[in-house]
Amino acid sequence: MSLSAPIQTRRPSSPGTPPFEAAFSAGMRDLDGTALRDMLRLAQVPGIVNFGGGLPAPELFPMQQIAQASTRALEKYGWRAVQYSTTEGFLPLREWLAEHTHLASPVTPDHIQIMTGGQQSLDLIAKILIDPGDTLLVETPTYMGAVQSFRPYRPNFAAVPTDEQGIDMDALAALLRDLAAQGRTPKFIYTIPNFQNPTGRTLSLERRQLLLDLTEQYGVLVVEDDPYGQLRFSGESLPSLAALMLERTGDDTDQSHVIYCSSFSKTLAPGLRDAWVQAAAPIIDRLVLAKQGADMCSPTLNQMIVTELLPLLPSQIARLRESYAGRAERMLRALGRELPSGVTYTVPQGGMFLWLTLPEAVDTAAMLPRAVENGVAYMIGACFHALGGGHHTMRLCYSNAGLEQIDQGVAALAQTIQTELER
Ligand code: PMP
């Protein structure tokens, strides 16, 4: 038998290296989660105030209603609730999402794909779009989980600077111009326009329009990740990039270059793993194929439970907004009172996070063990930089701590920073 291409062999392992080291794909070899794993382990120390994890408040999960919805779903749908279901997702849920995702511009259920968490949306978007060597644009800083989903597909990242109003549009325009001069068109830009993870910042309306202008001009897809958009507690709600794009196309979803992702993780409960993507039909068709190869369908019962819970959503979201507003305000007051001068922080209008920038001399990774000794943990900023940098930054999550814990944690943090500055 003749072969037209040489047989691919594994890279031989060097002596002393366990054989599986050489077996990992190049994409996975590029991932290094050691720092994050160490940090999460540190944050597990009992008794400390943990501003590090990005967890919603568990006492606000609607436990009783979830139990009732689950019983109702099993009674209503019987064995269907635990059988395989369609890859696209439970139709009543897709119908509701088609109508409610962009209120002013409803889409059809054919433009909605249910996913097993927003994290799967990112992974499958990467799977259908990224070829090795493709250029991806990501915000600086950006959600580290997205970088983790994209990196195994071996893209080249280009980092887009941000300021108080989100992406710096002049910098983006210059970057796109430079890349075009090199003959490179980025495959997509990944952005979190509302209460960004990690900074808590929101992209202004004017910049949303500019982002659409630029990406249309250069033929770059937009991946809009919006798990926090419903959690606004101050300021005016802004239309999503996807909704603004639908206005431009006269509600023709198939002409939109925006892929919109959201999730029930932050509005109901993350363990339900229920999320969705709204996009042009050809993109949804590819996502369906990718999902068949990933998990066939999202858990049927969970989709039914979420559908039963939809009438509860408005009051649940109101509860979350009120509670997170109180926690954010408490944290901002404590930061204003306690932090040494030279430390700046963002003021979020919603969501779960804010972002601290310390004087350049402070390395927040090196400082973390000392903060933990003092009783507080945070997420080091360097984790959120796809191309390095941010050593003097950190993310604080206020949604998972009580008001007194917030005071106590910020006092411990301020004292740690003060000591660090005097070192
Ligand atoms: N995108 C962003 C910006 C996030 O912050 C998160 C979770 N922290 C996710 C996606 C994934 O969330 P989930 O899979 O629970 O929907």
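Table for the structure above
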{"quantity": "Residue in segment 298-321 that is more than 30 Å from Glu420 (Cα to Cα), outside any helix (DSSP H, G or I) and at pLDDT 95 or above present", "calculated": "yes"}
{"quantity": "Enumeration of residues in segment 54-103 that are modelled with pLDDT of 95 or more, surrounded by fewer than 17 Cβ atoms within 10 Å (Cβ to Cβ) and not in a helix (DSSP H, G or I)", "calculated": "Phe61, Gln83, Tyr84, Thr86"}
{"quantity": "Some residue of segment 208-221 being surrounded by 20 or more Cβ atoms within 10 Å (Cβ to Cβ), among the β-branched types (Val, Ile, Thr), more than 12 Å from the chain's Cα centre (by Cα) and away from the ligand (no atom under 16 Å from the Cβ)", "calculated": "yes"}
{"quantity": "Residue in segment 173-201 that is nearest to the ligand (Cβ to nearest atom), counting only those that are in contact with a Pro (Cβ under 9 Å, 6 or more places away or on another chain) and aliphatic (A, V, I, L, M)", "calculated": "Ile192"}
{"quantity": "Restricting segment 328-355 to residues that are buried (at least 17 other Cβ atoms within 10 Å of the Cβ) and either over 25 Å from Ser265 (Cα atoms) or free of Cβ contacts under 8 Å to residues at least 24 places away in the same chain (or both), the residue that is farthest from the chain's Cα centre (by Cα)", "calculated": "Glu338"}
{"quantity": "Search result, residues across segment 406-423 that are without any contact (Cβ under 8 Å) to a residue 60 or more places away in the chain and crowded, with 20+ Cβ neighbours inside 10 Å", "calculated": "Thr416"}
{"quantity": "Residue in segment 104-116 that is more than 16 Å from the ligand (Cβ to nearest atom), closer than 25 Å to Leu241 by Cα, loosely packed, with under 15 Cβ neighbours inside 10 Å and of a type in the set (S, T, N, Q) present", "calculated": "yes"}
{"quantity": "Residues satisfying the stated conditions in segment 288-309, i.e. buried (at least 22 other Cβ atoms within 10 Å of the Cβ) and over 18 Å from Glu95 (Cβ atoms)", "calculated": "Lys291"}
{"quantity": "Filter result (out of contact with any strand residue (DSSP E or B) (no Cβ under 8 Å at 6 or more places or on another chain), within 14 Å of the ligand (Cβ to nearest atom) and in a loop (DSSP other than H, G, I, E, B)) within segment 231-279", "calculated": "Lys266, Thr267, Leu268, Ala269, Arg273"}
{"quantity": "Pair list, Cβ < 9 Å and 6+ apart or interchain, from segment 376-405 residues that are at positive phi to residues that are in a loop (DSSP other than H, G, I, E, B)", "calculated": "Gly389/Pro141; Gly390/Pro141"}
{"quantity": "Residue tally, condition out of contact with any Leu (no Cβ under 8 Å at 6 or more places or on another chain) and in contact (Cβ under 8 Å) with a residue 40 or more places away in the chain, over segment 154-187", "calculated": "4"}
{"quantity": "Segment 322-362, residues that are assigned to a loop (DSSP other than H, G, I, E, B) and polar (S, T, N, Q)", "calculated": "Ser341, Thr346, Gln349"}
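The values are calculated or read from the model by the stated rules, or taken from the named source; none is laboratory data. Here the structure is a predicted model, which means the values were calculated and not measured. Glycine also receives a Cβ, built like all others from the backbone with ideal geometry; neighbour counts cover every protein chain displayed.
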